[in-house]
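Heads up: the structure comes next, in C-alpha cells.
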Amino acid sequence: MDIRSMVMGFTFALMWSSAFTSARIIVLQAPALTISSLRFMIAGLLAVGIAYLLGQRIRLDRRNWRAVFIFGVCQNALYLGLFFLAMQRIEASLASIIASVMPLLVGLASAVFLKERLSKLGVIGLIVGFAGVAIIMVARLQGGIDMRGIFYCLIGVVSLAAATLSVRGASSKGNVLMVVGLQMLVGSAALFFPALLLEEQVINWTPTLTAAFSYTIIVPGLMATVIWFLLVERIGATRASTYHFLNPFLGVGIAAIILGETLTLQDVIGVVVVMAGIFAVQFSRVKPT
C-alpha cells in the first residue's frame, strides 16, 4: 500500500472540494468572470515566479504546449470560469455534485469515442453514478433551482472531460509548477475580454472576500493543482482519478459546515450513490500490478 499516494490523493480531494465553498463566497460579492481572470493572473504569475526560482524553465515540446493551451482554456477559462458564473445562481453543494460527474463523462466518452473497453463493473458504475446525480437533481428541481446555473456547470464539466481526453499522455517534464502557472495565465487571458465586455469592473474588497480570494488562489488553485500533477506522475492518471470519488461527499460536507447549506436525506443518498459509481468506474480502469 502506497501511504504517501493515499495522503496526497485525500489532500487533493479535500483542497479541490473546498474550492466550491470559497468560490460561492467570492461570486456573491464580485463579478464572476472578472474575479476569475484576476485570480488566474495572480496565481499564474506566482507559480511561474516560484518555479523560476526553483530552477524550472519553460522547456516544453509541441505536444506539451498544446496541453498547456487546451487545459488553460478548458479547465481554467471554461470549467472554472463557468462554475464561478453558475455559483452566482446555485449553491456550492450542488455545483460540487455536478462537477463530480467529470470522471463518469471521461469513462463514458472513452468507451464511446476511443473504443476503450469497459468491464461489467465499469458499466455498472456509470449507470449507478448517473442515477445518483438524477436522484439529487429530481429533489432539487422540486425545490426550485436556477436552470441557467445548471447549464453553465454542464458546459464546464463537458469542457474539462474533453480536455482530459485530448491531452492524455502529456507530461510536465519535471516542470510541474511552471506548467501549472502557464495554464493559469492562458485561462486568465481567455477570460479577460469576456469579463471586459460583459461585466462592470467594480470589486468591493471586504475582509471576507479578500480571505476567500486569497484562499482560492493558494490552496485549491496552486497547492491542489501541484499535488494533482505530482500524484499523476507518481501513480498515473487513472489511479489518481479514483480520488475524485471523494469530491461529492467532501464538497457537500464543507458547504454545509461553512455556508450552512441545507442537506436533505435524498441529497445524502444521491451523494453516496454518485461516490459508489465514480469509484466503480475508476477502479474498473485500474490495471493490476
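Some notes on this structure:
- Of the three principal axes defined by the Cα atoms of the stretch 45-120, the extents in descending order read 46, 38, 18 Å.
- Gyration tensor verdict on the stretch 212-273 (Cα atoms; rounded if a/c is under 1.5, prolate if a/b is larger than b/c, oblate otherwise): oblate
- With 5 Å bins from 0: P(r) over the stretch 38-177, alpha-carbon pairs, percent: 2, 9, 15, 16, 17, 15, 12, 8, 4, 2, 0
- Among TRP228, TRP205, the ranking by other beta carbons within 10 Å of each residue's beta carbon, starting with the fewest, stands as TRP205, TRP228.
- Coupling constants for the stretch 35-52 follow from the phi torsions by the Karplus curve (6.51 cos²θ - 1.76 cosθ + 1.60, θ = phi - 60°), and in residue order they are 5, 5, 4, 5, 4, 5, 5, 5, 5, x, 5, 4, 5, 5, x, 5, 4, 5 Hz; glycine and proline get x.
- Segments 61-73, 240-252 sorted - mean Cβ within 10 Å per residue, highest first: 240-252, 61-73
- Fewest-first ordering of VAL268, VAL202, VAL128 by other beta carbons within 10 Å of each residue's beta carbon gives VAL202, VAL268, VAL128.
- Using the Karplus relation 6.51 cos²θ - 1.76 cosθ + 1.60 with θ = phi - 60°, the per-residue 3J(HN,Hα) values for the stretch 201-217 come to 7, 10, 10, 9, 7, 6, x, 5, 5, 4, 5, 5, 5, 5, 4, 5, 5 Hz, with x marking Gly and Pro.
- Note on the chain: Cα Rg divided by 2.2 N^0.38 Å, N the number of residues, gives 0.96.
- For the stretch 13-20, the Karplus equation 6.51 cos²θ - 1.76 cosθ + 1.60, evaluated at θ = phi - 60°, returns couplings of 4, 5, 5, 5, 5, 5, 4, 5 Hz by residue, with Gly and Pro reported as x.
- Taking the fewest neighbouring Cβ atoms within 10 Å as the starting point, the ordered list for TYR79, TYR215 is TYR215, TYR79.
- Of interest is the spacing of the C-alpha centroids, which for the stretch 119-150 and the stretch 184-261 amounts to 23 Å.
- The stretch 135-249 - convex hull of the alpha-carbon atoms, volume per residue in Å³: 169 Å³
Each value in this text was obtained by applying a stated rule to the coordinates, not by laboratory testing. Since we're looking at a predicted model, the values are computed, not measured. No Cβ is skipped: glycine too gets one built from the backbone with ideal geometry, and neighbour counts run over all protein chains shown.
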